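One structure is given here, and the rest of the page talks about it.
The values are calculated or read from the model by the stated rules, or taken from the named source; none is laboratory data. As the structure is a prediction and not an experimental result, all values here were calculated from the model. Note that we place each Cβ from the backbone using ideal geometry, even for glycine, and neighbour counts take in every protein chain shown.
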Amino acid sequence: MKAAFIRQTGTPDVIEYGELATPEPGPTEVLVKVGAVSVNPIDTYIRSGMIKVATSFPYIIGCDLAGTVERVGSQATRFKTGDRVWGSNQSLFGRRGSFAEYAAVDEKWLYPIPAQMLDAQAAAGALTGITAHLGLHLNAGLKPGEVVFVNGGAGGVGSAVIQLAKAAGAKVIATVGNSDKKALCESWGADCVIDYHSPTLDDEIKAFTAANGGLQVWYETQVPTNFDRTIGLMSPRGRIIVMAGRNARPEFPNGAFYVKDLRLFGFAMFNATPEEQRACAEAINSLAAQGTWKPQVGRTLPLAEAAAAHRLQEENTLQKQGTLTGKIVLVP
Ligand SMILES: NC(=O)c1ccc[n+]([C@@H]2O[C@H](COP(=O)([O-])OP(=O)(O)OC[C@H]3O[C@@H](n4cnc5c(N)ncnc54)[C@H](OP(=O)(O)O)[C@@H]3O)[C@@H](O)[C@H]2O)c1
């Protein structure tokens, strides 16, 4: 089969595209004929060696996938040949990556694709959807009517946070880099969308929260978290989610934090158990069936262009060029 893989960590140029053996599904695995995969920032950290996960080579890259079940292992019971499935969490903890024509994936990491969803959409919303759900629900315990602020609302995670928070009955404030992205966030139901370049950004946040019962949940997707600013804007008993910036060491105003009875949650989606991730996936799937979960595909490329896809992801997530709206999807 054709696959995108690396023989060493490094820049996007280390990604090769070529022939590797098609995997045989183990007893609890499902062989998926991959229809689409998507790129996540973590893929670039693994490829670069910043996260030391790629230790045996050739190493197939990629966490997310969507496709059709080709064959099931002897003890796999959840799916049958021909079912359409999506999943995430591959290429981690010794698991093979997803960027290939075929992927053998343990059925515990796979979920059915709702009938009306394309493979590209299912792949685009895989890791980001589960991440947004874990942050809002398992960690922050979001309640209907609360106000959620998400920094970077048009990003992979941010776009999922907006849609899932709205589906949970929250009011959402989001930041974006331009007017097209503002319109997109509004189309997902965001109540207040502000350009993060605005000199009156915090005044606009304060005006919205003053009129809407405060600010209960801060979902930070940016690095580093500015805790002085965040804590200043939060309501008492608010919850702050931090899930980006491995090497960031921001200052932390101890007193301002505890006198407001605030709570701080940090998490990495790949630490969530298969059961926790499945609960997120099922919730997301039912929103997709209702038409309220629409992962945004920003760029579609052939899998052979995986190196270019990694460059584009880095230009946006790390260098903040703002040239991407939605996820990068690759098609084998
Ligand atoms: N802990 C976990 O489990 C987990 C899971 C997924 C991702 N992450 C991490 O979360 C971060 C975001 O991931 P992602 O996939 O959402 O990345 P992404 O798709 O590249 O999105 C990044 C967003 O940042 C926004 N942005 C850039 N400059 C900004 C600024 N000054 N203020 C506010 N927003 C700004 C961009 O907005 P515009 O496009 O509008 O310019 C873009 O939408 C990454 O660091 C990633 O590694 C962690």
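Conditions tested, residue by residue: (1) more than 16 Å from the ligand (Cβ to nearest atom); (2) surrounded by 13 or more Cβ atoms within 10 Å (Cβ to Cβ); (3) not in a loop (DSSP other than H, G, I, E, B).
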residue: 235; (1), (2), (3): yes, yes, no
residue: 244; (1), (2), (3): no, yes, no
residue: 251; (1), (2), (3): yes, no, no
residue: 257; (1), (2), (3): yes, yes, yes
residue: 284; (1), (2), (3): no, yes, yes
residue: 292; (1), (2), (3): yes, yes, no
residue: 306; (1), (2), (3): yes, yes, yes
residue: 316; (1), (2), (3): no, yes, yes
residue: 328; (1), (2), (3): no, yes, yes
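Go through 4, 103, 54 for me and flag whichever is hydrophobic (A, V, I, L, M, F, W, C), touching a helix residue (DSSP H, G or I) at 6+ places or on another chain (Cβ under 6 Å), touching a residue at least 40 places away in the same chain (Cβ under 8 Å) and outside any loop (DSSP other than H, G, I, E, B).
Details: 103 fails: touching a helix residue (DSSP H, G or I) at 6+ places or on another chain (Cβ under 6 Å); 54 fails: outside any loop (DSSP other than H, G, I, E, B).
Among 4, 103, 54, only 4 is hydrophobic (A, V, I, L, M, F, W, C), touching a helix residue (DSSP H, G or I) at 6+ places or on another chain (Cβ under 6 Å), touching a residue at least 40 places away in the same chain (Cβ under 8 Å) and outside any loop (DSSP other than H, G, I, E, B).
For the stretch 206-229, give me the residue count where each residue is away from the ligand (no atom under 12 Å from the Cβ) and assigned to a helix (DSSP H, G or I).
So the first thing to find is which residues in the stretch 206-229 are away from the ligand (no atom under 12 Å from the Cβ), and the list is 206-218, 227-228.
From the residues that got through so far, the ones that are assigned to a helix (DSSP H, G or I) too are 206-211, 227-228.
Total meeting the criteria: 8.
Within the stretch 23-50, the set of residues being of a type in the set (A, V, I, L, M), outside any strand (DSSP E or B) and in contact (Cβ under 8 Å) with a residue 60 or more places away in the chain comprises 39, 42, 50.
Condition check for residue 147 on (1) assigned by TED's automatic domain parsing to the domain that holds residue 308; (2) hydrophobic (A, V, I, L, M, F, W, C); (3) in contact with a strand residue (DSSP E or B) (Cβ under 7 Å, 6 or more places away or on another chain): one failure, at (1).
Scanning the stretch 62-93 for residues that are closer than 21 Å to residue 39 by Cβ, small (Gly, Ala, Ser) and out of contact with any strand residue (DSSP E or B) (no Cβ under 6 Å at 6 or more places or on another chain) gives 88, 91.
Can you tell me which residue among 121, 163 is touching a Pro at 6+ places or on another chain (Cβ under 6 Å) and surrounded by 19 or more Cβ atoms within 10 Å (Cβ to Cβ)?
Details: 163 fails: touching a Pro at 6+ places or on another chain (Cβ under 6 Å).
Of the residues listed, the single one that is touching a Pro at 6+ places or on another chain (Cβ under 6 Å) and surrounded by 19 or more Cβ atoms within 10 Å (Cβ to Cβ) is 121.
Pairing residues of the stretch 217-245 that are under 23 Å from residue 156 (Cα atoms) and among the polar types (S, T, N, Q) with residues that are part of a helix (DSSP H, G or I) and within 16 Å of the ligand (Cβ to nearest atom), at Cβ distances under 6 Å and at least 6 apart in sequence or on separate chains, gives 221/157; 221/158.
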